Amino acid sequence: MIIQSNSLRIDQILKFNSFLIYGPNIGKVDDILRKIVGILKTDWNKELSLIHFNSEIENKNKDFIDEQLNSEDLFGSKKVIICSFESIGVLSKKLNFDKLKESKFAKLILRTGEIEKKNVARQLFEKSQYSLCIPCYEDNEIEKKKIFFDLLNKMGINIPYSVSSTINFKEFKERNILRQNAEKIICHILGGEKKPEGNLNYIIKEFSAFSMDELIYSVFSGKINFFEKSYQSLCNQGKNQITILNAFSRHVQKLKLYLSYYSKNKNVEFSMKKLYPPIFFKQKKEFLFHTKIWEIKDLEVISKDLLEAEIQIKSGSYRHSLIDKKIFLKIAMTASKKRKNFKS
């Protein structure tokens, strides 16, 4: 059964024992998860065990889900099993909705980001009359404004209409990003800046969360420690694997195009102008560094690896979280070696 996120009711939470919460709006996914858990804590009026199931647990015990669903706590406490995206393949093969429906002491929640319609687990949940599917897509403008100004009001901060009217809420497609920008304004004002007029856009853009470009540039520059953090940030924002892989492919193509033009004319500015969209001026120096440590033959191999990863992800019954990450780590490690050997 599929319902809209804003129509989820208490009686439905208490009635159903299995939930699939999915979508690119990870902030909304997390909010729905907290709502369900909060209502269960209140209604059950007993100790509530939150069990987080992931691939590491599954590798140690293949029957973990079955054991948890079929065993009652000795002290009578109830449990909520929260599964991540990487657990979808396991669930699609083992989950018995009929058995789960009868459980009086356990509920199962699958929390994930964007997921394809053809995904086996998604179809399994959507077709079952015993499960509740809650898609979480972009908030409308009214919802975005409420989230944004509720955070400011909670801290007793009021910004004038001349400032708030300049905010383009369409840019914030994910709740976590919207909240992060509200928190930047709060920190800015509490830090002594009492008049944010005129520099609101600066506050938001200058201190924005890790972007796709930051991940790409950290990987191709060999910044291994930084890439892990930026990759996780993008995943938390709801970016799916295909989107990230395609962004990496575009960067590779830009490098190849630049090197192709530069090999013919030896003119940096001319070669840069051939790139579209153009390289952001703050990234120009690092992009040029990439063109010095990477050769076309290296980039051809990367292009092939990225394409194979995309095919593997799209053709699989579920997306494995390590496919793209392994490739990015391989690129970053190669770039790190190239940095050490590079002589300016």
### Query
Restricting attention to region 216-233, which residues are more than 15 Å from A247 (Cβ to Cβ) and of a type in the set (S, T, N, Q)?
S221, N225, Q232
## Note on the structure
If you go through L124, L152, the only one that is within 25 Å of I109 (Cα to Cα) and either over 22 Å from the mean Cα position of the chain (by Cα) or hydroxyl-bearing (S, T, Y) (or both) is L124
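Could you name every one of the helices (runs of 4 or more DSSP H) located completely within region 244-344 that has at least 2 residues being closer than 25 Å to E228 by Cα and modelled with pLDDT of 90 or more? Working first, answer last.
Working: elements: 268-273, 284-293, 296-315, 322-341.
Correct list: 284-293, 296-315, 322-341.
Sort through K330, K338, K304 and tell me the only one that's surrounded by fewer than 13 Cβ atoms within 10 Å (Cβ to Cβ) and either among the aromatic types (F, W, Y) or out of contact with any strand residue (DSSP E or B) (no Cβ under 6 Å at 6 or more places or on another chain) (or both). Steps first, please.
On the way: K330 fails: surrounded by fewer than 13 Cβ atoms within 10 Å (Cβ to Cβ); K338 fails: surrounded by fewer than 13 Cβ atoms within 10 Å (Cβ to Cβ).
Step by step, each of K330, K338, K304 is checked, and only K304 is surrounded by fewer than 13 Cβ atoms within 10 Å (Cβ to Cβ) and either among the aromatic types (F, W, Y) or out of contact with any strand residue (DSSP E or B) (no Cβ under 6 Å at 6 or more places or on another chain) (or both).
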### Message
Suppose we filter region 105-160 for residues that are at pLDDT below 85, among the charged types (D, E, K, R) and in a loop (DSSP other than H, G, I, E, B); how many remain?
### Response
4
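The values are calculated or read from the model by the stated rules, or taken from the named source; none is laboratory data. Source: prediction; values computed, not measured. All Cβ positions, glycine included, derive from the backbone under ideal geometry; neighbour counts span all protein chains shown.
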